[in-house]
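The values are calculated or read from the model by the stated rules, or taken from the named source; none is laboratory data. The structure presented is a predicted model; accordingly, all values stated were derived computationally and were not measured. Glycine gets a Cβ as well: all are built from the backbone with ideal geometry, and neighbour counts include every protein chain shown. These accessible areas exclude ligands, DNA and RNA; they are computed on the full protein's heavy atoms, side chains included. Shrake-Rupley method; radii C 1.70, N 1.55, O 1.52, S 1.80 Å.
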Amino acid sequence: MTEIRAVKGTRDLLPDEIGVWHRLETAAHDLFARYGYREIRTPVFEETQLFARGIGTETDVVSKEMYTFEDRDEQRTSLTLRPEATAGIVRAVIENNLTNTDPALKVYAMGPMFRRERPQKGRYRQFHQVDVEAFGMAAPSMDVEVIELALEFLKACGVTEFELVLNSVGDSACRPAYVEQLRAALRTHASELSADSLRRTETNPLRVLDSKAPEEQALIATLPRIGDHLCDPCREHFDEVRRQLDLLGIGYRLDHRLVRGLDYYVKTTFEVTSGALGAQNSLLGGGRYDGLVKALGGPDVPGIGFAVGMERLALAMPKAAAERRSDVFLAVLSPAALDDAIRLQRSLRQAGVAALMDHEGRSFKSKMKMADKLGVRFVAIRGEDEIRKGVWSLRDMTRSSQEDVVEARVLDHIKEKRNG
Ligand code: HAM
């Protein structure tokens, strides 16, 4: 029979690597709460039109990468596994009137996202994001707070080497005129463009700036820049964001090509990259999306947020020392000690001590090997000798010492010493 394997681009998170995920999840819960964010959990699939309207039909994400399928209902409703979290959260905010009751709504989410990209290190078809969204706040100081939170989150996870990249993509007042100029410039170079870029010149010229094709880079460098075409309000907003970043001592690099791969952005866009990651070096990305809630049928409230790729963050995080998987391992060396061990194991666990035993009657040597692998602090040994004396022989694996402890004292002894 052929072996059934994980689907290409998906991966198992194995028990040996879960520790780093728990650490980053805990850091997110703790830190985001300090900034006033509360968790929201939305479904992993939504109606396809939510993403088409929210993210934009000409983006790679919507045009090439979505996992879309028909439901079994009469209308054959088109459903899609979410490729990102923002659109679903905006849908939930509108549907539940969340910004009516909280005009300064701050939410975060964590979970799997799905994009059919070419898999490689740091790029998967099922990946996970930590996503942060703030609604109802249009001031530049909110952009700065969100960027600061993103960087503090990375630091809380032990990541110190990264670069903040910043841009402003304008808004509906100034971007259309810029996009026309960009289109005109691209048309004059039509013969030098790839088929993708040629199509995008007509449908969504900003996306050409995302192009990674080496042969297009020189040409792209000559194109008009959005920064030279911002309207006064966008220019002032961006200047104030930069002033406040300076105020907080947050360094950044400006990149006029940082238009991001999703159409909902206006004004500030940002990304954080890490050299430690290789080709897929974007740890997180985000920006402002002031028109999105309204475009999806909600009130005219501004929004801003970012998402961190959890696989990439886990890759960039320092490796922790091997974790201790149990406090005590019970080594039963005589069948007559089995009942004592079962009872002791239960009372240890009920008292908050992590305890394990060998259920298979292995040799003393292999029991010690198991204890070693688990990284336990104590091995509690009971054989004929110990039964006769009414004790457990407690081996302290850290101190390499061993002493007899009377049965009634074992629990207290371990509780006193386990953290010493
Ligand atoms: P994004 O830049 O598409 O933004 O994705 C954010 C992060 O998700 C990336 O920086 C990367 O770390 C991770 N990521 C994306 N695709 C993959 C993949 N195939 N494999 C592994 N990791 C990946 C968004 O998704 C926006 N919704 C962010 C946002 C929130 N903007 C405003 N609010």
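Key figures
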item: Centroid-to-centroid separation of segment 255-294 and segment 373-420 [C-alpha atoms, Å]; result: 55
item: GluC sites (Glu not before Pro) lying in DSSP loop within segment 248-337, provided at most 16 other Cβ fall within 10 Å; result: Glu323
item: Convex hull per residue volume in Å³, alpha carbons only, for segment 19-134; result: 125
item: Nearest-0.05 FRET efficiency for Arg324 and Lys121, computed from C-beta distance (R0 35 Å); result: 0.70
item: Ellipticity estimate at 222 nm from DSSP helix runs (n ≥ 4, -39,500 (n - 2.57)) divided over the chain, nearest 500; result: -10500 deg cm²/dmol
item: Tensor-based shape of segment 1-83 (alpha-carbon gyration tensor, a/c under 1.5 rounded, otherwise prolate or oblate); result: oblate
item: Segment 1-77: GluC sites (Glu not before Pro) in DSSP coil with no more than 11 other Cβ atoms inside 10 Å; result: Glu3, Glu74
item: Lysines with Cα under 30 Å of Lys212, excluding same-chain neighbours fewer than 8 positions away; result: Lys8, Lys64, Lys121, Lys155, Lys267
item: Cα-based shape type of segment 115-236, given that a ≥ b ≥ c are square roots of the gyration tensor eigenvalues and the cut on a/c is 1.5; result: oblate
item: Disulfide-incompatible cysteines by the Cβ rule (no partner under 4.7 Å) in the chain; result: Cys157, Cys234
item: For segment 130-248: accessible area per residue (Å², 1.4 Å); result: 44
item: For segment 336-408: rounded, prolate or oblate by the Cα gyration tensor [a/c cutoff 1.5]; result: rounded
item: Accessible area (Å², per residue) of segment 13-124, counting only protein heavy atoms and a probe of 1.4 Å; result: 54
item: Using alpha-carbon coordinates, inclination of helix 18-34 to the longest axis of the chain, degrees; result: 60
item: Apportionment of accessible area to carbon and sulfur, segment 133-217, percent (1.4 Å); result: 54
item: Relative contact order computed over segment 311-420 (Cα-Cα under 8 Å; 6+ residues apart), in percent; result: 27
item: Size of charge dipole - segment 235-385 - debye, nearest 20, with Cβ of Lys, Arg +1 and Asp, Glu -1, no other charges; result: 280
item: Charge dipole (segment 199-294, unit charges on Cβ, about Cα centre) - positive-most of His229, Ile250, Leu292; result: Leu292
item: The chain, Cα convex hull volume normalised per residue, Å³; result: 219
